[in-house]
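Notes for the one structure printed next.
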Amino acid sequence: MWERIKHMLIKEFIQIFRDPRMKGVIFLMPIVQLLVFGYAVTTDVKNVATLVHDLDNSVASRELVSRFVKSGYFSVVEYTDSEDRVRELMDRGKVGAVLRMNKGFEDDLRAGRTSQLQVIVDGTDSNTAGIVLNYSSRIAGQFSTELLTQRILRSSGPLGQTGRVVVETRAWFNENLESRNFYVPGVIAIIVMLITLMLTSMAVVREKEIGTMEQIMVTPITSAEFILGKTVPFALIGFADVILITLIGVFWFEVPIRGNLALLFVATALYLLTTLSIGLFISTVSQTQQQAMMSTFFFYLPAVLLSGFMFPIANMPPLVQWLTYLNPLRYFLVIIRGIFLKGVGPSILWPQLLALAVMGLLTLWLAAKRFHKTLA
Amino acid sequence: MNASSNENAVVVKNLEKRFGSFTAVNRVSFEVQKGEIFGFLGPNGAGKSTTIRMLCGILSPTGGTGTVAGFDVRTEPEKIKANIGYMSQKFSLYEDLTVEENINFYSGIYRIPPEKKKERKEWVIEMAGLQDRRHSRTGILSGGWKQRLAFGCAILHEPPIIFLDEPTAGVDPVSRRQFWDLIYELSGKGVTTFVTTHYMDEAEYCNRIGLIYRGELIAIGSPDTLKTEFMQEEVLEVICERPQDAMGEIEKLRGIQEVALFGKGLHVIAQDAGRATSDIRNLLGTTASVEKIAPSLEDVFVSLIESRDRADQPQQEVRK
Amino acid sequence: MKPLRVWAVARNEFIHVIRDPRSLGMGIAIPMLLLLLFGYALTLDVDNVPLVVWDQSESPASRQLVSGFLGSRYFLLRAYVHNYPEMERAVDSGRALMALVIPNDFSGRIESGRLAPVQIIVDGSDSNTATIAMGYADVVALAYSQEVAMETTRRIGGRMIHTPLDLRPRVWFNADMESKNYIIPGLIAVIMMVIAALLTSLTVAREWESGTMEQLISTPLKGSEMILGKLLPYLAIGMLDVLLAVAMGQFLFQVPLRGNVALLFAMAAIFLAGALSLGMVISIVTKSQLLASQLAMVLTFLPSFLLSGFMYAIGNMPHAIQLVTYLIPARYFVALLKGIYLKGIGLEILALEAGLLTVFGGAMVLFTNLKFKKKLV
C-alpha cells in the first residue's frame, strides 16, 4: 500500500514541478502576498497631508497648528487664506485634512470665550477620516484642557487646582501597533488555504478531464490510496509554505514569534485536514478544471473575508458572526496570532484546536464518502 | 512558375522540423498533384502529424521550403488556411456545443455565404449520418460520430485541398468504407486529399503513398509501384500446422530475411523465392503449402524499414 | 476584420458560458456576494470594544470615570475583574480587547487637584482596532477631565468658565462617515478584476488544452477577430455587473451618486476592456488552466483588492509601495469611482486618471493581439 502511495506521490510531484512556472507560482505567490501585506496594507495613519486655512494668523493659532505638527500625525503641506484653494485641494484629494481658524481666534481665547477650530476631513476614506478626527480631538482636547486649567487657576487662585486624568496606554502583544504584525501571521493562513484548495481540486479534476483517472482506477489502487496520493503532495507544499512564510516573517519583517513552534505545526496539520478535504470535495462536484477553479474561488473569497483576517469579526452583524463559526480559517487565525503575538498555548487555544480537529475529521469523512460514491 | 507546378497542389522541398536536438521531419521532399489522393504512411512518431501541421501553416518549419495551393508555408500561412480543410488527430471540436452549433460556428468562421449556409449544413449532417443527433452535445457522441462531424466541418467550406490526420482511427470497417467512397467522390471533383494513416489496407486506396520513417521519406509511389519496384526481396506465403513453432525454424534458414505471422500462416521474405521454397518444403514436409505471392504493402513497409535499420546499424557500431 | 467571424466566436463563447451555470453564476453571483458582504458585513469601523474594568479605587470619582466609558457606544463592558491574573486571562483569551485599570489613589489625586494616571491595556494584535479603541479611550478621559474642571468651578462658586476650544469636525463627501459609502464605489473596480481573473484567464488556455485551438488556428480566423469575439460576452457580463452594483448601491445601500452616471459607465467599459485583456494575455501566455488561474489571482485580483486604494488608503503606504501603485490600473479607476460617487467631480479634475485608464485599456488590448500567435509552438 505504501508502495503505491509513494509512486502516486512521486508522479504528482513530477507533474507539479515539471512546469517551472508552477514552482514560481507556488513559492512566489506567498512571497508577493507577504510583501503586500507586510508593507502596503496598513491602517496606520501618519503624516496626513494637511492644509492650514488660518485667517487669524496669531500666536495662538500658530501655536495650535504647531501642536498638530508636533504630534507626528499631521504634515502641513500648505498655508492658505483662500476658500477656493481648500475646495480645490480637497476635490483633488491632495490633502486629507484642513485646519481652519477664523479671524478673531486669539481674541476669543484671550477674552475667555470659546473659539473654534474646524477640522475638515476627506470622508472618501472614512476609516482614515475617523482616525484623523480622533487625533484632532485629542490634540485639540489637550490644548483646551490646558487652557481651561489655566483659566480656572487665574480666576480662583490655588483653589482652582483641578485634577486631570492622564491615560497611560500599554499595547500588549504588538507594542508599536505595527500593522504587519497583525497581517503577516495571517498570510500563512490564507496562503495555505488557497494553495491546498486550488491545487488539490484542480489536480484531481485534471485527471478526470484528461482521462487518466479512469486508467488509474482500473489498477488495484484503492480510493483511500488515491486520495492520499493526491492530497499529501499539497499538504507537504502547504507545510513548506508555512515554513517559508514564518522564516520571512520572523527574520525579514521582524514579526515576533513567542509561542510554541511545535504547536504551530500541529495546528497547521489540523487545518490542512480541513482544507484538503474541502479541495477534494470540490473536485467531486466539478467536471472541468474551470469549474473547480470557480468553486474554489466561490468558497475561498467569503472564507477569507469572513475570517477575521482583515475585518474584525466583532464588528460584523450578529448573524454573520454566527456564520463565521463554520469557517476553519477563523479558528486557525486565532491560533496563529496566539502563537506568534500572544505566546499562548493549548491552555488558551484548546477550543480552537478542538474546533479544527472536529471540522477536519468531519469534512474528510464527507469528502471521502462523496469521492467514493462518484467513482463507483 | 512553369506549367507543371500549376498542377501541383502541394510542393515540398527538404522540409525540416527540429525540436531542440530532435529532428522530427528530416529533409522531406515530394509533390502532390491536384485531385490526387496522397497517403502518408508510417509508424507512430514517424513525423506524419508534424508534416501535416507544417503544411497547414500552424507549425513553422525550421528548414526547407513548401507551397500549398501555390502559397508559401513559411511566408503565407494565412492564405493557405483560407484554402484548406484540416482534421486533426485528436478530436478538436467543442464538446459542450451541439452538432448543429459546431457546424454553425465553422460556417461563420469560413464565412460561407448565407445562400449556401443551410445547404452545406444539411449536406454535412446527411453525409455524416447525424440527422437524429443534430441537437446532441458533441461530448456525448461516440468516437465514430465525432470523427464524422470533424470531417464534415473540415470540408464544410468546400476547400480545394484537405489534410486529414488519421481520420479513420478507431472507426468501424463499414464507416471506413463509406469514408473512402466520399474521398473518391471529392477527388473526382478535383479535391486534393492528403491523408496520414497507419492502416495498410487504407493505404491501398490512395493514388500515391509516401512511406515515412523516423522523419525521413524512405519511399514514394503508387501502391503498385511500391510493391513491384521497391521490394527487392520476394514474399512467400506458408500455410502449415502450428505456424508459430515453424517460425523459429524458418528464420534460421539461409537467405531468409524476415518471417512474420500473417493470418493463419506465415509471410516469409526471402532473397530468392525458389531456393527458399524448396528449403521450407524440406523443413516442413508435404503437409505445408508454400507459395510465392505478390507482396502486400505491409510486407513492403516492413522490408523497407528493416533495411533502413540495417543500414543505420553499421553507422551506430562505428560510433560506438 | 470580418464581423461574421467575430460574431461566430462571440456566440460560441457565449454559449459556453451559458451552458456552464457555474461560470455564469460566478460572473453574477460573486459580484453580488461581494456587494452584500461589503455593504452589510465588512467594516473597519470600530464599535462595542469589549472592555474589562479593574477598579482598585472604587470611589465615586472612579465610578464616574467608568461610567464615562460605559456610556459611550464605543465600549461594551464584559466584566469587572479584581486581580491581575483575571485581567490577563481576559485579554489573552480575546474576551476583552481592552482593560481599564484604575489605581487605588485615583480619587485622592483627583480631589487634591493633581494628575491622576489610569492604565489602559489594549490587545495590540489588530493594530487598527487597537489604535481606534485607544483613541476613543483618550476622548473619554479628556471629557472626564473637562467635567472635573467644570465641577471644580461650580464648587468654588466661580464664574462660568467657557471651554476654550471647541472642535468642529466637518466630514466632506461622506458626511455620515459610513464606511460602505466609500467601499461600495471602489468595490466596482474589484468586481471588474474578479471577472477578468475568473473568466477570461481560463478561456484561451482551456482551448489549448482541449485541442480546439489547434483547429481554430488552421482556419482563416484572424487572431484579432478571435480575441475580440472572446472578449465580447465577458464585456457584456461585466457591464451587467456594473449595472447591478450601481443599482444595488443606489437602492439597497443608499450610497449617494453625485456625479455623472454616463461618465461612470464609460470609464467602467474602458477599464473592463483592459482588465479582460489582461486576463486573456495570462490565458494566452500560460496555455495551462492551472497556471493561468494562479497567475490571474496574483496579477489581477490581489493588487486591485489591496493596492488600489479601495480599502487601504494609498497615502498611508510606504513610499516605495506608493510608487508601485502607479502601475496598477485599478488605482485610477478607484479614484474615478470615488470621485464620481462621493465628490461629484468629473473630467475637469479627473482627466489624468481617465487618460491613464484609457491608455491602460488600449495598451492591454494591443498587447493581447501581439501575444497571440496562430502557431502551435
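The values are calculated or read from the model by the stated rules, or taken from the named source; none is laboratory data. Predicted model only: the values in this text are computed from it and were never measured. Neighbour counts run over all protein chains shown; Cβ positions are idealised from the backbone, glycine included.
Hey, does the range A:167-180 have a residue that's part of a helix (DSSP H, G or I), more than 12 Å from chain C (Cβ to nearest Cβ) and out of contact with any strand residue (DSSP E or B) (no Cβ under 9 Å at 6 or more places or on another chain)? Scanning the range A:167-180 turns up no residue that is part of a helix (DSSP H, G or I), more than 12 Å from chain C (Cβ to nearest Cβ) and out of contact with any strand residue (DSSP E or B) (no Cβ under 9 Å at 6 or more places or on another chain).
Among the helices (runs of 4 or more DSSP H) confined to the range C:1-103, the ones with at least 2 residues that are of a type in the set (Lys, Arg), within 14 Å of chain B (Cβ to nearest Cβ) and under 30 Å from residue B:99 (Cα atoms) are located at C:3-19. Inspection of the range B:131-138 finds a residue satisfying the criterion of being among the hydroxyl-bearing types (Ser, Thr, Tyr), in the same structural domain as residue B:163 (by TED's automatic domain parsing) and under 30 Å from residue A:210 (Cα atoms). When residue C:290 is tested against (1) within 30 Å of residue B:53 (Cβ to Cβ); (2) touching a residue at least 24 places away in the same chain (Cβ under 8 Å), just one condition goes unmet, and that condition is (2). From the list B:276, B:288, B:311, B:246, the lone residue that is among the small types (Gly, Ala, Ser) and within 29 Å of residue B:202 (Cα to Cα) is B:311. Would you pick out the residues in the range C:309-346 that are more than 20 Å from residue C:177 (Cα to Cα), part of a loop (DSSP other than H, G, I, E, B) and either in contact (Cβ under 8 Å) with a residue 60 or more places away in the chain or within 10 Å of chain A (Cβ to nearest Cβ) (or both)? Listed by number, the residues that qualify are C:317, C:318, C:346.
Residues in the range A:48-83 that are away from chain C (no Cβ under 11 Å), under 18 Å from residue A:133 (Cβ atoms) and touching a Leu at 6+ places or on another chain (Cβ under 9 Å): A:50, A:51, A:52, A:53, A:65, A:68, A:74, A:76. Taking only the range C:125-147 into account, find how many residues are of a type outside the set (S, T, N, Q) and at pLDDT below 85. Going through the range C:125-147 one residue at a time, the tally reaches 1. The condition of being under 24 Å from residue A:168 (Cβ atoms) and hydrophobic (A, V, I, L, M, F, W, C) holds for residue C:65. Taking the range A:135-163 as the range and being more than 24 Å from residue A:105 (Cβ to Cβ) and either outside any helix (DSSP H, G or I) or more than 7 Å from chain C (Cβ to nearest Cβ) (or both) as the test, the residues that pass are A:157, A:158, A:161, A:162, A:163. Looking only at the range B:69-85, residues that are surrounded by 21 or more Cβ atoms within 10 Å (Cβ to Cβ) and closer than 20 Å to residue C:4 by Cβ come to 3 in all. The residues listed here are B:311, B:273; of these, the one that is surrounded by 11 or more Cβ atoms within 10 Å (Cβ to Cβ) and either at pLDDT 80 or above or under 30 Å from residue B:197 (Cβ atoms) (or both) is B:273. Each residue in the range A:84-129 was checked for being assigned to a helix (DSSP H, G or I) and facing chain C (nearest Cβ under 7 Å), and 11 of them qualify. When the residues of the range C:107-142 are filtered to those that are in a loop (DSSP other than H, G, I, E, B) and under 23 Å from the mean Cα position of the chain (by Cα), the one that is nearest to residue A:339 (Cα to Cα) is C:125.
Taking the conditions exactly as written (within 11 Å of another protein chain (Cβ to nearest Cβ), in contact with a Gly (Cβ under 6 Å, 6 or more places away or on another chain) and modelled with pLDDT under 95), does residue C:222 satisfy them or not? It is false that residue C:222 is within 11 Å of another protein chain (Cβ to nearest Cβ), in contact with a Gly (Cβ under 6 Å, 6 or more places away or on another chain) and modelled with pLDDT under 95. Candidates in the range A:109-134 are the residues that are crowded, with 19+ Cβ neighbours inside 10 Å and more than 27 Å from residue C:255 (Cα to Cα); of these, the one that is modelled with the lowest pLDDT is A:109.
To keep it simple, each residue is scored yes or no on (1) at pLDDT below 90; (2) within 26 Å of the chain's Cα centre (by Cα).
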| position | (1), (2) |
| --- | --- |
| B:62 | no, yes |
| B:68 | no, yes |
| B:90 | yes, yes |
| B:107 | no, no |
| B:110 | no, no |
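Residue A:225 satisfies every condition listed in (1) of a type in the set (Asp, Glu); (2) outside any helix (DSSP H, G or I); (3) away from chain C (no Cβ under 11 Å) except (2).
Just one of the listed residues (B:221, B:215) is out of contact with any Leu (no Cβ under 7 Å at 6 or more places or on another chain) and buried (at least 17 other Cβ atoms within 10 Å of the Cβ), and it is B:215. Taking the criterion of being at the interface with another protein chain (Cβ under 7 Å from one of its Cβ atoms) and surrounded by 23 or more Cβ atoms within 10 Å (Cβ to Cβ), the residues of the range C:201-218 that qualify are C:202, C:215, C:217, C:218. When the range B:196-229 is filtered for residues that are in contact with an Asp or Glu (Cβ under 8 Å, 6 or more places away or on another chain) and part of a strand (DSSP E or B), the ones remaining, listed by number, are B:196, B:197, B:208, B:221. Against the test of being crowded, with 24+ Cβ neighbours inside 10 Å and closer than 30 Å to residue B:155 by Cβ, the options C:198, C:221, C:187 yield a single qualifying residue, C:221.
The set of residues in the range C:73-88 that are surrounded by fewer than 16 Cβ atoms within 10 Å (Cβ to Cβ) and of a type in the set (D, E, K, R) comprises C:73, C:86, C:88.
Number of residues in the range A:135-184 that are without any contact (Cβ under 8 Å) to a residue 24 or more places away in the chain and hydroxyl-bearing (Ser, Thr, Tyr) equals 8. For the residues A:132, A:192, A:187, the requirement of being in contact (Cβ under 8 Å) with a residue 60 or more places away in the chain, more than 7 Å from chain C (Cβ to nearest Cβ) and in contact with a strand residue (DSSP E or B) (Cβ under 6 Å, 6 or more places away or on another chain) singles out A:132.
Within the range C:347-377, the set of residues being in contact (Cβ under 8 Å) with a residue 60 or more places away in the chain and within 13 Å of chain A (Cβ to nearest Cβ) comprises just one member, C:347. Close contacts from the range B:100-111, counting a first residue that is more than 8 Å from every other protein chain (Cβ to nearest Cβ) and a second that is among the small types (Gly, Ala, Ser), with Cβ to Cβ under 8 Å and a gap of 6+ residues or different chains, come to B:103/B:152.
Take the conditions (1) modelled with pLDDT of 90 or more; (2) in contact with a helix residue (DSSP H, G or I) (Cβ under 9 Å, 6 or more places away or on another chain); residue B:187 misses just one of them, which is (2). Residue A:45 meets all of the listed conditions (1) within 14 Å of chain C (Cβ to nearest Cβ); (2) on the phi > 0 side of the Ramachandran plot but one, namely (2).
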